[in-house]
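Each value in this text was obtained by applying a stated rule to the coordinates, not by laboratory testing. From a predicted model like this one, the values you see are computed outputs, not experimental measurements. Glycine also receives a Cβ, built like all others from the backbone with ideal geometry; neighbour counts cover every protein chain displayed.
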Amino acid sequence: MDITCTECQNEFKIEKVSVGETVECPFCGIELEYKGKNKEGKNEFEVIEEEK
Ligand SMILES: [Zn+2]
C-alpha cells in the first residue's frame, strides 16, 4: 500500500500494516501509527511524537 508521510510529504510503499501498528518513514525517519481508513477510504496515519 502507498503511504504519504504526514511529516515530510514523501510517498513510500509498505507491504501491509494493521491498525495500531507503526511504520517508519524511510525519508525522515519519523514513526507513523496506522489509524485505519477514513471516511474517504484513504489510509490514515498519525505521527508518534517522541518525548524529549
Ligand atoms: Zn517522512
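Dividing the Cα radius of gyration of the chain by its Kirkwood radius returns 0.94 for Rg/Rh. Between the listed residues 38, 19, 5, the Cα displaced farthest toward the positive end of the dipole of the chain, a dipole computed from Cβ unit charges relative to the Cα centre, is found at 38. Taken over the chain, lysine pairs spaced eight or more positions apart, or on distinct chains, with alpha carbons under 22 Å apart number 8. Across the chain, Cα pairs under 8 Å and at least six residues apart give a relative contact order of 27 percent.
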